[in-house]
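For reference, the structure is listed below as structure tokens.
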Amino acid sequence: MKKLILLICLLLSVLLITAAGAETAASVSFAKTGSSVNGGFPCTITLKVKTALQQDLDVPLSCKETGETLTVRIAAGSTEGTAEYKTEAVDKAVSRTFSVVQGNGIAQRGNSLTLKILPLPKAYFYSSVSFGYVGRTSTINIKFQNASNFVPGTTLQLRDQYGNVLDERTWKSGTGMHGFKVTVTKEMTGKRLLSVWMGDQKITEKNGYGAFTDMSVKAVRQVPTQEKLVAITLDCGWYGRQMPDILPILKKYDVHCTFFMTGFFIRTFTEEAKAAIADGHEVGNHTNSHPKMAAQKAKINRLSQLAVPNKNAMEKLGVRPRLFRPPYGDYDKELMALCRAEGMEIIIWSVDSHDWDRKGGYTKDAEKVFKRVTKKVEPGWIFLFHLDGKQTPKVLDKLIPYLQDELGYKCVTVSELLASAGMELPPVVEEGTEDFIEEDPDQDVIPPDAEEG
């Protein structure tokens, strides 16, 4: 009898100990009682127990503000369990308080979890256009609105339109500025539409424009060809009155030229421009309003100066210029990057006819212009004339047969000249440029009273 009583007492003790252990195992607490997250991003909620559980335990949680429920599983043999809570996007900071749903042998130990959900910060490019050069590292600066909403340790990515990650940074402070470092490779040259991302959330409302180029490729002054080919080019800045005089001369000698036209010229002298195209001539870009593109860069929108003439040419002439000539031959490395990002190569000249030079006496003396342009002629030569140079028709009528008959040269367009040397033009990517064009292309256009210079 004594043995039976002893056995019963032993069994009761085991049951009491097991129950006590189970009660302890089911007493759970939050690993953190306060946390912050940006809206739209997941947040990991962690529960813990003091001792490892002998079997899986599903702990239900409830949100005070929304009534949402969430289950955290603590696996057998573990002291912690996690669940992911997907937050909603918010316009202002909100709080979500999570508590353990007690009962069924589960009790909460300690405080509930208060989760603060913050609006996404907004990112803006410090400069709408950024530049980069092959083999060099460029800093692309970003400024932020509501930078205090960043959760410490947030990862930011600078991406292009193709989803490539150009740089990645971890947010470390509450400053409103941040710099991405981009080392440009040859594969990256051209136009890059830039944006800043947090995870799968884009936080820039407007793209940045990245213009990346290889500075070892120089602007074209002479084409390295062994063939006896030259190109005659005519800049068309403001007036089209001599187009009816020049086109018949070119047709007489079966010569095709490259006309570099401003956006103003295309819009104002559309019929003259169409006549040139109908005769087989090539159209290049000569800016919108003929500014000095390097010297005046602080006063003008250079991307708009490039993009507007291309848009005008496509809409009114049905052609897309692939060549660009800067007025006055004024350019810098940034302009080279922009031109190539817009699918154009910079074309300067081998010899300037000075048909614009009134002070030098060239506007009154066709023979003086002729002597200047024929003093030296080499394969790949590019001649610069102006459509409204006063002596230009006379000079062309003498120059072309001289080049053809006496020197044995063939006159071709600039694109044909480039192709003869195997030189390729930058690829065209139209996407995104429209966002950087000025609404009124004629706003700052003031044609001179006299012929262009």
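Which of (1) under 28 Å from K376 (Cβ atoms); (2) in contact with a His (Cβ under 9 Å, 6 or more places away or on another chain); (3) surrounded by 23 or more Cβ atoms within 10 Å (Cβ to Cβ) is the odd one out, the single condition G284 does not satisfy?
Condition (2) is where G284 drops out.
Could you tell me whether any residue of region 24-45 is more than 30 Å from E434 (Cα to Cα), within 39 Å of the chain's Cα centre (by Cα) and at pLDDT 90 or above?
From region 24-45, those more than 30 Å from E434 (Cα to Cα) are 24-45; that's our starting set.
From the residues that got through so far, the ones that are within 39 Å of the chain's Cα centre (by Cα) too are 35-45.
So of that shortlist, the ones also at pLDDT 90 or above come out as 44-45.
Yes, some residue in region 24-45 is more than 30 Å from E434 (Cα to Cα), within 39 Å of the chain's Cα centre (by Cα) and at pLDDT 90 or above.
In region 359-390, which residues are surrounded by fewer than 21 Cβ atoms within 10 Å (Cβ to Cβ), farther than 21 Å from A219 by Cα and touching a residue at least 60 places away in the same chain (Cβ under 8 Å)?
K390
Within region 97-106, how many residues turn out to be in contact (Cβ under 8 Å) with a residue 40 or more places away in the chain, surrounded by 14 or more Cβ atoms within 10 Å (Cβ to Cβ) and over 27 Å from D200 (Cβ atoms)? Lay out the reasoning, then the answer.
We begin by selecting, within region 97-106, every residue in contact (Cβ under 8 Å) with a residue 40 or more places away in the chain; these are 98, 100-101, 105-106.
After this cut, where a residue has to be surrounded by 14 or more Cβ atoms within 10 Å (Cβ to Cβ) as well, the list is 98, 100-101, 106.
The next check asks that each one be over 27 Å from D200 (Cβ atoms); those that pass are 100-101, 106.
Final tally of qualifying residues: 3.
Name every residue in region 384-424 that is touching a strand residue (DSSP E or B) at 6+ places or on another chain (Cβ under 8 Å) and closer than 18 Å to M344 by Cβ, in order of residue number.
Of everything in region 384-424, those that are touching a strand residue (DSSP E or B) at 6+ places or on another chain (Cβ under 8 Å) and closer than 18 Å to M344 by Cβ turn out to be L384, T413, V414, S415, E416, L417, L418, M423.
Can you confirm whether region 79-96 contains a residue that is assigned to a loop (DSSP other than H, G, I, E, B), free of Cβ contacts under 8 Å to residues at least 60 places away in the same chain, out of contact with any strand residue (DSSP E or B) (no Cβ under 9 Å at 6 or more places or on another chain) and over 26 Å from T154 (Cα atoms)?
Checked region 79-96: no residue is assigned to a loop (DSSP other than H, G, I, E, B), free of Cβ contacts under 8 Å to residues at least 60 places away in the same chain, out of contact with any strand residue (DSSP E or B) (no Cβ under 9 Å at 6 or more places or on another chain) and over 26 Å from T154 (Cα atoms).
Would you check which residues across region 35-59 are assigned to a strand (DSSP E or B) and either without any contact (Cβ under 8 Å) to a residue 40 or more places away in the chain or surrounded by fewer than 15 Cβ atoms within 10 Å (Cβ to Cβ) (or both) and list them? Show your work before the answer.
Taking region 35-59 as the starting set, the residues that turn out to be assigned to a strand (DSSP E or B) are 35-38, 42-48, 57-59.
Answer for region 35-59, where residues must be assigned to a strand (DSSP E or B) and either without any contact (Cβ under 8 Å) to a residue 40 or more places away in the chain or surrounded by fewer than 15 Cβ atoms within 10 Å (Cβ to Cβ) (or both): P42, T44, T46, K48, D58.
Among the numbered conditions (1) in a helix (DSSP H, G or I); (2) touching a Ser or Thr at 6+ places or on another chain (Cβ under 8 Å); (3) closer than 16 Å to T233 by Cβ, tell me where L418 comes up short.
The failed condition is (2).
Determine, yes or no, whether R267 is in the same structural domain as V395 (by TED's automatic domain parsing) and part of a loop (DSSP other than H, G, I, E, B). Steps first, answer last, please.
Working: in the same structural domain as V395 (by TED's automatic domain parsing): yes; part of a loop (DSSP other than H, G, I, E, B): no.
When the stated conditions are applied, R267 does not pass them.
Determine whether T66 is part of a strand (DSSP E or B), surrounded by fewer than 16 Cβ atoms within 10 Å (Cβ to Cβ), in contact (Cβ under 8 Å) with a residue 24 or more places away in the chain and within 42 Å of the chain's Cα centre (by Cα). Outline the logic, then answer.
Details: part of a strand (DSSP E or B): no; surrounded by fewer than 16 Cβ atoms within 10 Å (Cβ to Cβ): yes; in contact (Cβ under 8 Å) with a residue 24 or more places away in the chain: yes; within 42 Å of the chain's Cα centre (by Cα): yes.
Answer is no for this residue.
The values are calculated or read from the model by the stated rules, or taken from the named source; none is laboratory data. Since the structure is predicted, the reported quantities are computational estimates derived from the model, not experimental observations. Positions of Cβ are backbone-derived with ideal geometry, glycine not excepted, and every protein chain shown enters the neighbour counts.
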